[in-house]
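The values are calculated or read from the model by the stated rules, or taken from the named source; none is laboratory data. Source: prediction; values computed, not measured. Glycine also receives a Cβ, built like all others from the backbone with ideal geometry; neighbour counts cover every protein chain displayed. The accessibility values were calculated without ligands, DNA or RNA, using every heavy atom of the protein model including side chains. Shrake-Rupley method; radii C 1.70, N 1.55, O 1.52, S 1.80 Å.
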There are 2 protein chains.
Amino acid sequence: MERNKALAIVKEQLTEHRYSHTIGVMETAIKLSGIFGADKKKAEEAAIFHDYAKFRPKEEMMEIIKEQNMKKDLLLYSGELWHAPVGAYLVQKEAGITDPDVLEAIRCHTSGKPGMSLLDKIIFVADYIEPGRHFPGVEEARELAKKDINKAAIFALKNTIAFLLKKNQAVYPDTINTYNDLILNS
Amino acid sequence: MERNKALAIVKEQLTEHRYSHTIGVMETAIKLSGIFGADKKKAEEAAIFHDYAKFRPKEEMMEIIKEQNMKKDLLLYSGELWHAPVGAYLVQKEAGITDPDVLEAIRCHTSGKPGMSLLDKIIFVADYIEPGRHFPGVEEARELAKKDINKAAIFALKNTIAFLLKKNQAVYPDTINTYNDLILNS
């Protein structure tokens, strides 16, 4: 989809802050695609639509997860995870996005998954390091991402898991499975 | 099995340091059984034999894991995990331990497992806090263990996972599954 048309569609779905974040993810994902040789158009589209469902009501997301036979265990874990698979479903249904690579990158952008494609990794990492992000360690993550997308993804996963442990929150199994997959196979 | 006979059997399998650790785990497990109402004789037996296989050669442990159809994914993760299931097998075969509760507590004492019994938790926690253990946080773990065996187990699991993340090592899925199980269900 043409960039401005795509941006106009997501703008309606997001807060101003989240729209700026989306622009940051888009620019970062395109840069990373240049560095690692991924398809820039796919990266642009996946980045623009990655948070499409971010502000849908929890109840609507739960309904979609159940109706569309998405992984039921999602409902046991943080609602912060839900907008990723729900978004992949809704951008297809409501915005006419059909590229399976783009949809999959949106689907797994919060938890990752074992066996991520390069595009999946780029969206996952871009979401973590885009210029609007400010947290201890983000500069280190940005430096890693210039050279090694796997190391940058591992860094993001480690930080996410450590954060959940600190808050005594459950860790979604795919998050640790993705970490293990990258540690053992990259 | 009578305590002194059991201790004589494991003494032959362990270094002096590890034998002292075993005594510490035994005393701690008996104390915790008193606090939480577990079977002290079972706790004593499981504690005495929990590290029975600790010093078996890696090759022997790998063979047993394969031959006895234990979880194959164990071999992908740290060898430090192997002595637990291998020990449960060997104490049955070589020392005549038959109590299934004791064998299970030995089997899962390094990684934990979702749905641990009280005895499983006691051995898991006693192994972590026995008086010979010295590391930052052990006193906090000891205090937790006097009041809430689940909180003490969560503390130990969190520390173990954080340690593995810091060292860029894979986290055995049952370790995170046990953490999630206790966070979500206790």
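Summary of computed values
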| item | result |
| --- | --- |
| Delta accessible area of at least 30 Å² on complex formation, residues of segment B:140-186, 1.4 Å probe, chain isolated as reference | B:Lys158, B:Leu165, B:Asn168, B:Ala170, B:Val171, B:Ile176, B:Tyr179, B:Asn180, B:Ile183, B:Leu184 |
| Average Cα contact separation per residue, chain A, under 8 Å, 6 or more apart, as relative contact order % | 22 |
| Reach of B:Lys11 by Cα under 29 Å, taken over lysines that are not fewer than 8 positions away in the same chain | B:Lys31, B:Lys40, B:Lys41, B:Lys42, B:Lys54, B:Lys58, B:Lys66, B:Lys71, B:Lys93, B:Lys113, B:Lys121, B:Lys146 |
| Cut-off of 10 Å, at most 10 other beta carbons, DSSP loop: longest stretch of chain B lacking such GluC sites (Glu not before Pro) | B:13-186 |
| Chain A - charge dipole about Cα centre, Lys and Arg +1 at Cβ, Asp and Glu -1, debye rounded to 20 | 300 |
| Rg and Dmax [Cα atoms of segment A:96-186; Å; Rg one decimal, Dmax integer] | 13.0, 40 |
| Percent accessible area from carbon and sulfur atoms, chain B, protein chains only, probe 1.4 Å | 52 |
| Total formal charge among the other residues, if their Cβ is under 14 angstrom from that of B:Arg18, Lys/Arg +1 and Asp/Glu -1 | -2 |
| Filtered trypsin sites (Lys or Arg not before Pro), segment B:1-95: DSSP coil and at most 16 other beta carbons within 10 Å | B:Lys71 |
| Given charges at Cβ of Lys, Arg, Asp, Glu: segment B:1-138 dipole, positive-most of B:Leu119, B:Ile64, B:Leu103 | B:Leu119 |
| Eligible aspartates and glutamates near A:Lys147 by straight Cα distance, threshold 14 Å, same-chain separation 8 or greater | A:Glu139 |
| Whichever lysines have a C-alpha closer than 18 Å to that of A:Lys166, once near sequence neighbours (fewer than 8 apart) are set aside | A:Lys158, B:Lys151, B:Lys158, B:Lys166, B:Lys167 |
| Neighbour net charge for B:Met1 - beta-carbon separation under 12 angstrom, K R +1, D E -1 | 0 |
| Hull-based mean projected area of chain B, where the convex hull spans the alpha carbons, in square nanometres | 9.9 |
| B:Phe55 - accessible surface, heavy atoms, 1.4 Å probe, Å² rounded to 10 | 100 |
| Qualifying trypsin sites (Lys or Arg not before Pro) in segment B:103-186, DSSP loop, other Cβ atoms within 10 Å at most 11 | B:Lys167 |
| Zone of A:Arg133's modelled label, taken as backbone nitrogen in segment A:5-39 under 17 Å from a point 7 Å along Cα→Cβ | A:18-36 |
| Relative contact order [Cα under 8 Å, 6+ residues apart], segment B:24-116, whole percent | 28 |
| Inter-site label distance for B:Lys41 and A:Asp148 at 7 Å from Cα along Cβ, in nm | 5.6 |
| Nearest-0.05 FRET efficiency for A:Lys167 and B:Gln169, computed from C-beta distance (R0 22 Å) | 0.50 |
| Net charge over other residues, Cβ less than 14 angstrom from the Cβ of B:Ile35 (K, R count +1; D, E count -1) | +3 |
| Inter-probe distance in nm under a simple model that places probes 7 Å from Cα toward Cβ, at A:Glu60 and B:Met62 | 5.4 |
| At least 18 Å along the helix axis (C-alpha) and Kyte average at least -1.0, DSSP helices within chain A | A:16-36, A:149-166 |
| Loop-located chymotrypsin sites (Phe, Trp or Tyr not before Pro) in segment B:154-186, at most 13 other Cβ atoms within 10 Å (DSSP) | none |
